[in-house]
Amino acid sequence: MIARVSLEIALRKEFDYLIPPGLAGQIEVGSRVQVPFGPRKLYGCVTALAEESAHTNLKPILKVIGAQTLVTPKVLKLARWIADYYCCAPEIALKSVLPEAVRKEESGWRERLFVRALPVTGEFPKLPKRQQEVWNIIEERRELPLQELVELAETTAATVRKLEDRGLVEVAPQISERDPYAREHILPSQPLPLNPAQAKALEEIIGAMDGRGACSVLRQAVSNDAKRPAVDTQHATRNTFLLHGVTGSGKTEVYLQALAHALEQGHGAIVLVPEISLTPQTVERFKARFSSGKLQTLVAVLHSHLSAGERHDEWHKIRQGRARIVIGARSAIFAPVEPLGLIIVDEEHEHTYKQEEAPRYHARDVAIMRGQMENAVVVLGSATPSLESYYNCKKGKYTLLELPERVDNQKMPHVRVVDMRQAARGEKGIPIFSNQLKEAIHQRLERGEQTILFLNRRGYSTALQCPKCGYVAQCPNCSLALTYHRPEQKLRCHICGFMDAVPAACPNEKCRNPAIRYAGLGTQKVEETLVKLFPHARVRRMDADTMKRKDDYRKVLGDFRAGKTDILIGTQMIAKGLHFPNVTLVGIIYADLALHQPDFRAGERTFQLLTQVAGRAGRGDVEGEVFVQAFAPFHPAIQYARRHDFTGFYEQEIEFREQLKYPPVSRVALLTLKGRNEDKVKFSAEHLKRELEKNLVAAVYDRRQSGEKNATVADRRYNFSDLILAGPAPAPLLRAETFYRYQIMLRTRAMSKLSRELVRIIQSLALPEDVTLSVDIDPVNLG
Ligand code: ADP
Ligand code: ZN
């Protein structure tokens, strides 16, 4: 027998190996194996078995890793879809579906010595006092780790061995699972009676779970062409729900009861949450419902803060079917749950679901794909859904479920938008604090309440904005903020490459302010100013500069929670998921900073950010207040956020996306060339653009021109009639980075097809050695 093996090197090629007699019967599709490759030994995954090979002189497989196949056929299929759709080498996709701790199998299972009580035959011996005390513990527990016993009984291993000599106990090595939550005492929780909105949402989800046959046509389409599923994430599925509910509306309770239903049906489930919200409290809510008492192992947790050993054990608990519910960050979507009945993606709009290195997959979209392949119900939840998901509801592809009110009927915080153009009047520089915000902070200090000040500093680029009238320099083609390039004193669009001079004065006819240059501003400056204004306040700053170690983060937040800090200043680090009852004021220093990122999602991000940040205020008994300072106070993203009006925001934002054919109306592929030599990078980018044009756009046109009258649209290999190709344009230099980057952006609705074409084009593309190309399908970051 011969095994086809995908090796962990991105060659886009599989290799045949002999299955030696000693390993016969142990190797299946999905087995992880070690094989010789030249002088090296490499790991790989078996993707197929065959009787014969086109090659001769095959080498034998060296060894098999793990007792079970690690990549189940379903996950293997999912990995293939990822490779195809996200244009990455299949080896890279395959590698990412297993946690490193499982792939390398270095930590393996941990064995520890366990003490076990043996059945007592005959009369129980009279023991010395010490030994009797130790025995009492063993008798009660029946079995426990030796180490634990020694600590518990304050004794030594030697004493325990004496009991062994008497034939009372057995001391033997045994697999001991590393349970990251072993020390937590979790009180079991019961399902809550649902309010009408929750009940309706749950009913619909359960209805879909019960009628899982409804998608049989789609399922066939998938299984007929296993290698290349005919569906993509944009295709209709009645099995996908978007649960839109404000923070505190009881989404989690709906998830919990839907999960209970999956278990009743004998199905397993995956719950995805963003890494940052994967706090012990979140995990505890799920464990409390399903995993307390006897059912210790029902819930497995997968995330990056676990040790390699813990991750190994959690994963195998899932693979062995002992854990039925998996809760984890992005990569938990690959957990080998079988059969899979339900996938929940909480905070589905979060950009951390997108992996920023190959394979550049979006876990939400993979979840939808996996749901279709395995006929599982998918529930996406958010207080601020992504435009993509909401659009799919409008198109009838997903079912929209709404929880419009907070469970406790608490009011949403009051949001005040402060016009910074007024604050700037008469000032020399650009002010950091408006009088209104200063006054509000002062009040909080007097009342002993806490304040969070927020400054978004994502990105390195700066837009050009007039502090007097709010004017922002925009690209005429792309409607995105132009980026100010300091070295050349130019404004550039980094989507299409449009270039303009920096104006000497504000171009707004009515303004003509000569001081248009945008001064950079950081959290540090905010802190300095604040300390001058309120010398007695206890101020702490939390950003990438001050948070060097993991512990810093916990310490600062701990102090803040304990009331040792009055004012916390931070970047987006503090925007999410934190809950401090004593915070009654949230100030957003410059909302515009998020608004004028050169990204078509800038408005959407600002809306989400303001909504999330506002959610930090007034979660206790006192009503919260939010101040949003902005130079463009009437921007729709700010105004709709002020009114907590998601649908209003959606309606106007989707119009903008329609006009310029940005997602969700189309899909984007972003090709980035990177290298140290700018000329080479630029040249390569132009070369790539010509290749793209030749292959995707111009083919039909050329053939018609050369007299081939019959060349019709139907003749095109693919119909890219809606293709938009923009660039190449230089991406702004990252601070402290010496690489030049040029980008080409492609937009089309037919992304699955385009992906296939891109792989072909890229593979035949000759690039200089020191220029690298990366492909990002459905990017969330256009920087
Ligand atoms: P979300 O996930 O939408 O932010 P949660 O599920 O966390 O909302 O609910 C917020 C709070 O309300 C939680 O403390 C939860 O226990 C409580 N809660 C949820 N549903 C109900 C209900 N039907 N009755 C009473 N309390 C509820
Ligand atoms: Zn442009």
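Computed quantities for the displayed model
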quantity: Residue satisfying all of: in the range 338-358; among the hydrophobic types (A, V, I, L, M, F, W, C) and away from ligand 1 (no atom under 16 Å from the Cβ); most open to solvent (accessible area, probe 1.4 Å) among these; calculated: Ala358
quantity: Qualifying residue in the range 440-461 (condition: within 16 Å of ligand 2 (Cβ to nearest atom) and either of a type outside the set (A, V, I, L, M, F, W, C) or modelled with pLDDT under 85 (or both)); calculated: yes
quantity: Residues located in the range 396-427, provided they are away from ligand 1 (no atom under 16 Å from the Cβ), in a loop (DSSP other than H, G, I, E, B) and open to solvent by less than 40 Å² (accessible area, probe 1.4 Å); calculated: Gly396, Tyr398
quantity: Among (1) at pLDDT 90 or above; (2) open to solvent by 20 Å² or more (accessible area, probe 1.4 Å), the one test that Phe646 misses; calculated: (2)
quantity: Qualifying residues in the range 379-395 (those that are over 7 Å from Glu348 (Cβ atoms) and within 16 Å of ligand 1 (Cβ to nearest atom)) - the one most open to solvent (accessible area, probe 1.4 Å); calculated: Ala383
quantity: Any hit, the range 284-297, residues being away from ligand 1 (no atom under 16 Å from the Cβ), at pLDDT 85 or above and within 24 Å of Ile205 (Cβ to Cβ); calculated: no
quantity: Boolean, Tyr361 is open to solvent by less than 10 Å² (accessible area, probe 1.4 Å), aromatic (Phe, Trp, Tyr) and either on the phi < 0 side of the Ramachandran plot or more than 21 Å from the chain's Cα centre (by Cα) (or both); calculated: yes
quantity: Only listed residue being closer than 24 Å to Ala726 by Cβ, away from ligand 2 (no atom under 14 Å from the Cβ) and open to solvent by 10 Å² or more (accessible area, probe 1.4 Å), chosen from Ala505, Ala501, Ala515; calculated: Ala501
quantity: Yes/no for Glu388 being more than 16 Å from ligand 2 (Cβ to nearest atom), farther than 20 Å from Val75 by Cβ and assigned to a loop (DSSP other than H, G, I, E, B); calculated: no
quantity: Residue among Ala335, Ala300, Ala262 that alone is more than 16 Å from ligand 1 (Cβ to nearest atom), more than 21 Å from Thr69 (Cβ to Cβ) and either touching a helix residue (DSSP H, G or I) at 6+ places or on another chain (Cβ under 8 Å) or at pLDDT 95 or above (or both); calculated: Ala262
quantity: Sole residue being away from ligand 2 (no atom under 16 Å from the Cβ), within 29 Å of Asp778 (Cα to Cα) and either at pLDDT 95 or above or in contact with a Cys (Cβ under 8 Å, 6 or more places away or on another chain) (or both), chosen from Ala226, Ala208, Ala269; calculated: Ala269
quantity: Sole exception among (1) touching a His at 6+ places or on another chain (Cβ under 8 Å); (2) part of a loop (DSSP other than H, G, I, E, B); (3) modelled with pLDDT of 85 or more for Pro633, by number; calculated: (1)
quantity: Elements of type helices (runs of 4 or more DSSP H) contained in the range 247-362, each with 3 or more residues being among the small types (Gly, Ala, Ser); calculated: 251-264
quantity: The range 756-775 residues that are closer than 15 Å to Asn695 by Cα, paired with ones that are surrounded by 16 or more Cβ atoms within 10 Å (Cβ to Cβ) and among the charged types (D, E, K, R) (beta carbon under 9 Å, 6 or more apart); calculated: Arg756/Asp84; Val759/Asp84
quantity: Pair list, Cβ < 7 Å and 6+ apart or interchain, from the range 400-413 residues that are over 13 Å from Ala383 (Cα atoms) and of a type outside the set (Phe, Trp, Tyr) to residues that are in a loop (DSSP other than H, G, I, E, B) and open to solvent by less than 30 Å² (accessible area, probe 1.4 Å); calculated: Val407/Ser249; Val407/Gly250; Pro413/Ala617; Pro413/Gly618; Pro413/Gly624
quantity: Answer from Ala158, Ala172, Ala153, Ala117 - the residue that is more than 27 Å from His316 (Cα to Cα) and exposed (fewer than 15 other Cβ atoms within 10 Å of the Cβ); calculated: Ala158
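The values are calculated or read from the model by the stated rules, or taken from the named source; none is laboratory data. No experiment lies behind these values; they were computed from the predicted model shown. Cβ: placed from backbone, ideal geometry, glycine included. Neighbour counts: every protein chain shown. The accessibility values were calculated without ligands, DNA or RNA, using every heavy atom of the protein model including side chains. Shrake-Rupley method; radii C 1.70, N 1.55, O 1.52, S 1.80 Å.
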